[in-house]
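In what follows, a structure is listed as structure tokens, so that the remarks can point back to it.
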Amino acid sequence: MNEETDTTADVRDVVIIGSGIAGLSAAVYAARADLEPLVLEGPEPGGQLTLTTDVENYLGFPEGVGGMELIQNGKDQAERFGAEFTHGTVENATLEERPFELELSNGDRLRTRALIVASGASARWVGAENEDELMGYGLSTCATCDGAFHRGDDVLVIGGGDSAMEEALFLAKFADSVTIVHRREELRASEIMADRARDHEDIEFRWNTELEALHGSQEEGVTSATLVSHPDGYPSEKAANGADVDRETVEVGGVFYAIGHTPNTEFLEGTAIDRDERGYLYTRTDDAGRATTETMVEGVFAAGDVADPNYQQAITAAGTGSMAALDTEAYLETLERTEETAYEVSP
Ligand code: NAP
């Protein structure tokens with residue numbers, strides 16, 4: 001924790017939970033509005049873009065831009081306008097009383113008049129046998145982080161979305177062969193990404209197939225994987241319902257999960273903030289039925305993937321970050337006016 005950050009006494013105007021692109025965009029806007037935001041950098045500082053290579057679809061960068069560079073620039077920009085950053089993971093949020101109170105994992109408490117939740121989403125795990133033991137030992141959720149350890153290996157990528165294609169294309173630079181394992185016959189990925197993977201000579205596909213178990217040890221890493229297949233897809237489900245499935249154990253040096261993300265919203269459990277069955281936050285519409293970033297608790301706003309199961313793009317996350325800061329600014333102005341009126345009538 002930054003020594004200059006007083007986490008106990010002051011009541012902040014706004015705390016931003018998360019330092020990914022949504023949190024950074026909110027920080028730039030809130031700082032420029034003189035709200036002196038405090039940005040909490042959680043367990044994955046900088047968010048998912050720090051795990052990616054080139055971002056080719058962020059407007060304004062015709063040649064693409066590195067994910068890490070985009071995030072570092074955003075942080076520099078927010079700091080230039082007075083945003084403060086500190087490490088901290090929120091364990092609990094008390095939102096029934098004003099100001100809101102946040103309890104961090106190190107026991108520190110923060111009080112704030114408004115809150116922007118931009119805590120993003122984390123990679124999902126398949127649920128295969130031995131994955132707990134082998135995660136970080138040949139099993140990974142991040143090709144850009146761990147790909148270089150797999151020079152000359154045969155590797156599997158699990159998933160059929162854009163992330164799986166991106167991971168496979170990156171891994172193909174190092175690995176001998178890359179096999180994309182997808183549970184049905186049709187990819188979810190965009191055409192452009194799917195075509196790139198299909199056209200790559202070192203990338204193969206295993207359709208209608210899922211990963212059932214991993215083999216190996218922390219000493220030798222992942223050595224093989226058991227795959228289960230059914231011609232109609234979703235083989236694990238078919239096997240659970242008693243259908244005949246094919247099983248094959250293949251030798252591999254690495255396995256990469258790319259099956260989507262789960263929003264980081266557990267710390268909001270027990271609060272009045274509404275979440276869907278997957279944990280994504282709901283936000284309100286205004287009186288005219290237009291979208292806002294305000295959650296079901298007045299004064300708490302959401303930005304980025306934490307409230308977005310549909311788009312999940314760097315540019316949409318940055319967009320909702322700026323919206324959350326503008327909504328926060330309007331909320332704080334209303335709050336101030338209400339407080340002034342209350343002061344005038346009750347001497
Ligand atoms: P996603 O689009 O939700 O795809 C997840 C994939 O994993 C799907 O193919 C899904 O299969 C499969 N899957 C889910 N649970 C599984 C399980 N338990 N076992 C096996 N397979 C499972 O997630 P994503 O690829 O991470 O992409 C998320 C968002 O980020 C998307 O909007 C995407 O466009 C965006 N993105 C963009 C880029 C880019 O433009 N460069 C790169 C990465 C991500 P089904 O298809 O059968 O459901």
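The values are calculated or read from the model by the stated rules, or taken from the named source; none is laboratory data. Every value quoted in this text rests on a predicted model; they were computed, and no experiment measured them. Glycine gets a Cβ as well: all are built from the backbone with ideal geometry, and neighbour counts include every protein chain shown. What goes into the accessible areas is simple: the full protein's heavy atoms, side chains included, and nothing from ligands, DNA or RNA. Shrake-Rupley method; radii C 1.70, N 1.55, O 1.52, S 1.80 Å.
Numbers for the structure displayed
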{"quantity": "All positions within the stretch 164-203 that are outside any helix (DSSP H, G or I), touching a strand residue (DSSP E or B) at 6+ places or on another chain (Cβ under 6 Å) and within 19 Å of Val126 (Cβ to Cβ)", "calculated": "Val178, Thr179, Ile180, Val181, Arg183"}
{"quantity": "From Asp199, Asp132, residue being modelled with pLDDT under 95, away from the ligand (no atom under 15 Å from the Cβ), over 19 Å from the mean Cα position of the chain (by Cα) and of a type outside the set (S, T, N, Q)", "calculated": "Asp132"}
{"quantity": "Those residues of the stretch 268-306 which are within 15 Å of the ligand (Cβ to nearest atom) and open to solvent by less than 30 Å² (accessible area, probe 1.4 Å), in sequence order", "calculated": "Asp276, Gly279, Tyr280, Gly304, Asp305, Val306"}
{"quantity": "Answer residue from the stretch 164-185, given it is within 12 Å of the ligand (Cβ to nearest atom) and open to solvent by less than 10 Å² (accessible area, probe 1.4 Å) and is nearest to Ala143 (Cα to Cα) among those", "calculated": "Ala168"}
{"quantity": "Sole residue being more than 20 Å from Gly47 (Cβ to Cβ) and of a type outside the set (A, V, I, L, M, F, W, C), chosen from Gly120, Gly147, Gly152", "calculated": "Gly152"}
{"quantity": "Candidates Glu219, Glu212 - the one that is closer than 22 Å to Glu131 by Cα and within 15 Å of the ligand (Cβ to nearest atom)", "calculated": "Glu212"}
{"quantity": "Qualifying residue in the stretch 186-194 (condition: more than 14 Å from the ligand (Cβ to nearest atom) and surrounded by fewer than 20 Cβ atoms within 10 Å (Cβ to Cβ))", "calculated": "no"}
